[in-house]
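Novice: Here you go, one structure.
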Amino acid sequence: MQRRRLGRTGLQVSVLGYGAGAVGGLFTKGAAADQERAMARAIEAGINYFDTAAIYGNGESERNLGRALKALKANVVVGTKVRLGAEHRKDVAGAIVRGMEESLKRLGRDHVDLFQLHNPLAAQDAGDKLAVDIALEQVVPAMEKLKASGKTRFIGFSGVGEPAALLRAVDSKLFDTVQVVYNALNPSAGGPMPAGTPGLDYGRLLDKAKAADAGTIVIRALAGGALSGTTDRHPLAMQDVPPIGSAPDFASDVARAKGLEPLVREGVAGSLTELGERFVISHPAVSTMLIGYSTLDHLEAAIAAVEKGPLPDAALKRLR
């Protein structure tokens, strides 16, 4: 599997990553044997970046990922995240340290490769939305101390929230990586926002990240599963998936995804999900793409898709 440079970290990560979150659900609600089987297959295929977070399954994802990594004696790149609640604003640095220690305990590790801020960023601080000033002035110094102590090798943030705040965080060059919302339904992180497209305009965030030499980790590559073209959900998957940056509701995203079916019928890709995955990896500023899996079959399909490589230029022009 192709590997790409994760920005200034210098890490070489697989273009397809493993998202161990609740949207796919295997690592939050699946059986231990199925989790280990999927991880073993992922590693065999060349996947070397595994992404989790403290809030996924209320810690279950970290616990299960740590157990599977230990069972398989896996040597991979691991990233996790911390989210600050309103109650943490009085002691941001302390909350960051506690979040790290709790994550490491669940993972059964003494360090992670990447520690990321999980809050949406905004201009004004409000509940779950974290003011970008707090992120830059308080979160970053606390994370830098964790780097100095060897608890994490690199730091990053989740690129959700207000686009202007996200672009400011990238331009600061204080974070090593950024998670980027980018998919065929909202490609604005990678190019112009198509006329009439619902959702947020991410202002070519991928290009901004490349200019800042920040590694890019694409999230919502399949728009939370909408690019499967169906509202049906696997029992392990999150059953209600609020869109991020796209249409107002999941059903609307699915309806828009169906509009891409002519490309599948013409043979550009074997399925809508393959079309969506190959669209993402076609952008040269993408370091790795996270897909959430419910079953081993989902993993196999993603592996097969990325092995076909980027979409042809003619197909990308039609998508735009």
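Novice: Can you work out the Karplus-derived ³J(HN,Hα) for every residue in region 297-306? Use 6.51 cos²θ - 1.76 cosθ + 1.60 with θ = phi - 60°, whole Hz, and x for glycine or proline.
Specialist: Residue by residue, region 297-306 yields 4, 4, 5, 4, 5, 5, 4, 4, 5, 5 Hz.
Novice: Rank by packing, highest mean first: peptides 289-300, 30-41, 258-269, with packing defined as the count of other Cβ atoms within 10 Å averaged across residues.
Specialist: Final packing ranking: 289-300, 30-41, 258-269.
Novice: Here are some pairs, K73/K210; K90/K173; K29/K208; which of them have Cα atoms lying more than 30 Å apart in this structure?
Specialist: In this structure, K73/K210; K29/K208 exceed 30 Å between Cα atoms.
Novice: Here's something else I'd like to know. Relative contact order, percent, of the chain when contacts are C-alpha pairs under 8 Å separated by at least 6 residues?
Specialist: Numbers: 666 pairs, mean separation 63.7, N = 320.
That works out to 20 percent.
Novice: Quick one: Karplus J couplings for region 201-210, per residue in order, coefficients 6.51, -1.76, 1.60, θ = phi - 60°, nearest Hz, x for Gly and Pro?
Specialist: 9, 7, x, 6, 4, 4, 5, 5, 5, 4
Novice: Roughly how many percent of the accessible protein surface of the chain is carbon and sulfur, given a 1.4 Å probe and a whole-percent answer?
Specialist: Values: 6710 of 12890 Å².
The C+S portion of the solvent-accessible surface of the chain is 52 percent.
Novice: On average, how much accessible surface per residue is there in the chain, in Å², for a 1.4 Å probe, leaving out ligands, DNA and RNA? Provide the component values of the computation, followed by the final result.
Specialist: On the way: 12890 Å² over 320 residues.
For the chain, the solvent-accessible area averages 40 Å² per residue.
Novice: Taking every Cα atom in region 161-307, find the radius of gyration and the maximum pairwise distance Dmax, and write them in Å.
Specialist: In order Rg, Dmax, the Cα atoms of region 161-307 give 15.0, 45 Å.
Novice: Which order, highest average first, do 237-249, 95-107 follow once you tally other Cβ atoms within 10 Å for each residue and take the mean per peptide?
Specialist: Values: 237-249: 16.5, 95-107: 18.8.
Going by the mean number of other Cβ atoms within 10 Å, highest first, we get 95-107, 237-249.
Novice: A further question follows. Over its Cα atoms, what ratio of radius of gyration to 2.2 N^0.38 Å does the chain give?
Specialist: 0.93
Novice: Further question: From the phi angles alone, apply the Karplus equation (6.51, -1.76, 1.60; θ = phi - 60°) to region 273-283 and give each ³J(HN,Hα) in whole Hz, x where the residue is Gly or Pro.
Specialist: Going residue by residue, I get 5, 4, 4, x, 5, 6, 4, 4, 6, 6, 7 Hz, with x marking Gly and Pro.
The values are calculated or read from the model by the stated rules, or taken from the named source; none is laboratory data. No experiment lies behind these values; they were computed from the predicted model shown. Every residue, glycine as well, gets a Cβ built from its backbone with ideal geometry; the counts of neighbours run over all protein chains shown. Each accessible area value is taken on the protein alone, full model and side chains, heavy atoms only, with ligands, DNA and RNA left out. Shrake-Rupley method; radii C 1.70, N 1.55, O 1.52, S 1.80 Å.
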